[in-house]
Every structure is written in structure tokens, then in C-alpha cells.
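Working notes, structure below.
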Amino acid sequence: MNNSDSEKIKKIIEDRQHAHKFYSKNSKVYNAFTEMGKKTYADGELEKKHKELIAIGISICINCESCMEWHINEALRAGASQKQVIEAIEVGFEMGGGPATVAGRSARAYCSVNGLPISTVNQIIPIRKPFAIIPMCSARPI
């Protein structure tokens with residue numbers, strides 16, 4: 001991971017913190033959304049760890065870098081292993097097709113920032129351009 005990746009990730013985290021502070025004070029809708037998130041990721045029939053792993057795959061599919069950073073970190077905090085995070089990323093590849101493999105490049109950096117050895121991530125998520133980009137997720141704009 002290079003310095004520009006690291007700076008980009010720091011900026012995403014900083015922007016999220018500033019927005020959270022502002023909207024927490026000024027938006028009832030935002031507060032309702034954060035409460036929904038707390039309830040969504042609480043242990044139930046699925047443990048928080050598994051819910052976060054699902055969210056990683058979705059983050060890859062929709063190419064949400066802020067989501068990737070957040071959910072990779074939360075999955076690791078909830079006890080997910082390096083292999084589980086990588087498998088969740090792979091599920092995102094399969095569900096998202098070509099564009100998801102491109103989003104996986106960002107996931108590499110977020111894995112590294114969250115303490116997963118980049119040498120292991122490099123073996124699973126090589127940096128290369130896909131032969132074709134075929135939109136697979138209908139919810140994502142083309």
C-alpha cells in the first residue's frame with residue numbers, strides 16, 4: 001500500500017467522523033439510521049461477525065470504499081479471521097462480476113490498513129485489469 005492509499009483511507013475515516021458529529025446533532029433521520037445500524041449488526045440468529053462479512057461482500061459489489069473500510073474493520077473487531085475477510089471479498093467478486101474485481105483493489109488497501117498482511121492479500125487479490133467490465137448488480141448505476 002502506498003502513501004496515497006493511506007492518505008485516502010485516513011481522509012475517508014476523518015470525513016466520516018466529521019459528518020457523524022454534524023448529523024448526530026442536526027438530523028433526526030440520521031440518528032434513526034444509526035440506531036437501525038446498531039440493531040442490524042447486533043448479535044441475533046447471525047452473529048455480528050457474520051453480518052459484517054456479508055456487508056463486506058455487498059460493499060465490494062456496490063463499490064463503496066467507505067463501506068469497505070468500515071465493515072472490514074468491524075468484522076475484524078468482531079473476531080473475523082483474515083481468511084474469512086478474504087472469502088467475503090471473494091463472494092463480492094462473484095456477485096458483482098467484473099466491476100467487483102476492480103472494487104477489490106480498494107479492499108486490498110483497507111485490509112492492509114486494518115492489519116491484514118498485504119503479502120497474503122496480494123496472493124488472493126492480484127492487481128490487474130479485468131478483460132471486460134460487465135455490470136452485474138442492477139442496483140449499481142452503469
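The values are calculated or read from the model by the stated rules, or taken from the named source; none is laboratory data. Quick caveat, the model's predicted, so the values are computed rather than measured. Ideal geometry is used to build each Cβ from the backbone, glycine not excepted, and the neighbour counts take in all protein chains shown.
Applying the selection to region 16-55, what residues are part of a loop (DSSP other than H, G, I, E, B) and either small (Gly, Ala, Ser) or in contact with a helix residue (DSSP H, G or I) (Cβ under 6 Å, 6 or more places away or on another chain) (or both)?
Going through region 16-55, the residues part of a loop (DSSP other than H, G, I, E, B) turn out to be 27, 42-47.
Ser27, Ala42, Gly44 - these are the residues of region 16-55 that are part of a loop (DSSP other than H, G, I, E, B) and either small (Gly, Ala, Ser) or in contact with a helix residue (DSSP H, G or I) (Cβ under 6 Å, 6 or more places away or on another chain) (or both).
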Checklist line | Unmet requirement for Asp43, which otherwise passes all of (1) over 14 Å from the mean Cα position of the chain (by Cα); (2) at pLDDT below 95; (3) of a type in the set (Asp, Glu) | finding: (2)
Note to self: I'd like to know if region 21-40 contains one or more residues that are crowded, with 17+ Cβ neighbours inside 10 Å and on the phi < 0 side of the Ramachandran plot.
What the structure shows: no
